[in-house]
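Take a look at the structure below.
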Amino acid sequence: MKTIAIQLGLLLVTALFNVSFAQDSTRTLSGEQVLEIVRKYHPVARQARIHVDKAQADLLIARGGFDPVLGAYVARKRFGGVDYYNRTSPEITIPTWYGIEVHTGIDNYTGERLDPTMSKGQSSFIGASIPLAKDLLMDKRRAYLKQARIFTSMAETEQQLFVNDLLMDAMDAYWGWVSSYNLYQVMRTAVAINVERLDLVRRAFNNGERAAIDTVEALAQLQSFQYQEAQYRIQFTNAGLTLSGFLWTDSGSPYNLPENIVPPTAWDDQRLLATMELDLNALLTIAENSHPALRVYDFKLRALDIDKKLKFQELLPKADFRYNHLSKGYNAFSNISESAFLGNNYQYGFKFEIPLRLSAGRGAYKMAGLKIMETRLDQVQKQLDLQLKIRKYHNEFSVLKEQIGLQTLNYGNYQRLLEAEQTLFGNGESSLFLINSRENKVLEAQQKLIELKAKFFKTAFAVQWTAGLLN
């Protein structure tokens, strides 16, 4: 009987609590590898890059407002055998940044019944159109181009924000997978040990060294562990499927994670966090200065400020002045030095208009100001939310670190209690029931320690995520 007890003791102490999961025929997947795969190949990350490309396309469209425009007007009228007129008038207009448009062109009028205001024959002109009030300091072309530049930078920042959130979701799935794998391996080992233990107890019973009830006790323990093993197996399988949702190949195909890929053996080494910024004050400063979510608000405010300046133009009168210097022939510069500005060979026009109540302008300008106020309030609230999240996760991270230390000690104490109980069992002073009870406590402590460690590492990544550092 004592021989069987010693065998049981060795089986428990040496096999159950010094477990090294075999990985000879497996490959490992680390958290950093998952992050790199998601950054490169996940469709959401690729869509974020497309978002940036679209913003750059919008910028190109906005720049089109300053493209030179070439136009031409060709007309002819002949009626009743009379050649009323032939007109050919090509013109090129060059917009400038300050709202002034420079234009030049040529005219060729022939016919028997021309409008007296038309200069018969070949002539040319060069001139400019100048806004004197509305559109002088800001117009739609300048506003759209400035906003397009801002939106391009904002799209790049939003890409960082999207990827930062995506990577956190991936880390949540990864550490759930790591936890499930290790819990499953613990139960697999426990089942294997209890299968062997049941065989030893049955042999002891057949030799008359153990009571029949001991075989029932050993079988009940084995069946309980087999049930838990099945539960952890399905959890591990489903966790692998969840993680697979973040793993894509370079060809854009989804990747199903096979079960022979497992977490690294040293997955719980805290030295893996050495490159992370985990100082609370530093994290708060980084988030305030460079968090993508706050930078997006900065870009929105800059765009809204431009929109407000544009809306202010609606409060100004429309006063446009157009001047052309005229020349005979097709050389618009032939006598430009000989004629005074309003002395000879010129044409000008002035247009003035203003809504009497300015209702639309006042409403648009007020709305622009309210949008800025609303966005600033959202930014302040977002900054506060980020600060609270950083503090929350950092507090949780610190407490988990302490809990892991305590749980490690707790796990060691339960191991020693089991070893002591095993000694009593070998001396005939204990029972298999008490051995099983001690074993259950050890397993519970080991499982809790695995869960705490996985949560600890996931929280470390959550701290980086709240500070906008995962990307």
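By the equivalent-ellipsoid construction on the alpha carbon gyration tensor, the chain comes out with semi-axes of 85, 24, 15 Å, ordered largest to smallest. With the simple model of a label 7 Å out from the Cα in the direction of the Cβ, ALA192 to THR88 spans 9.5 nm.
Using the structure shown, select from LYS146/LYS392; LYS140/LYS366; LYS311/LYS382; LYS389/LYS448; LYS77/LYS318 the pairs with a Cα to Cα distance greater than 29 angstrom. Those over the limit are LYS146/LYS392; LYS77/LYS318.
With the biggest extent put first, the Cα atoms of the stretch 287-417 measure 112, 41, 17 Å across the principal axes. Among 363-371, 108-116, 135-143, sorting by the average number of other beta carbon atoms lying within 10 angstrom of each residue, highest first, gives 135-143, 363-371, 108-116. Adding -39500 (n - 2.57) for every DSSP H run of four residues or longer, then dividing by how many residues the chain holds, sets the calculated 222 nm ellipticity at -21000 deg cm²/dmol.
What's the angle, to the nearest 10 degrees (0 to 90), between helix 292-312's Cα axis and the longest principal axis of the chain? Roughly 20 degrees between the two axes. Take the chain with all the other protein chains still there, run a 1.4 Å probe, and you get 55 Å² of accessible area per residue.
Computed from Cα atoms, the angle from the helix 43-63 axis to the main principal axis of the chain rounds to 10 degrees.
A simple packing score, the average count of other Cβ atoms within 10 Å per residue, orders the peptides 57-65, 267-275 as 57-65, 267-275, with the highest score first. Note that the stretch 76-189, at 10 °C in a medium of 1.306 mPa s, gets a Stokes-Einstein diffusion coefficient of 74 µm²/s from its Kirkwood radius over C-alpha pairs.
With respect to the chain, whose longest principal axis is taken over its alpha-carbon atoms, helix 31-41 is tilted by about 30°. Distances between placed amide hydrogens fall under 5 Å for VAL262 paired with ARG27, THR28, LEU29, all partners being 5 or more residues away or on another chain.
Surface composition of the chain: carbon plus sulfur atoms contribute 54% of the solvent-accessible area (1.4 Å probe, protein chains only, all chains present).
The values are calculated or read from the model by the stated rules, or taken from the named source; none is laboratory data. Remember, predicted model here, so these are calculated numbers, not experimental data. As a convention, Cβ positions derive from the backbone with ideal geometry for all residues, glycine included, and neighbour counts pool all protein chains shown. The area values use the complete protein model at the heavy-atom level, side chains included, leaving out ligands, DNA and RNA. Shrake-Rupley method; radii C 1.70, N 1.55, O 1.52, S 1.80 Å.
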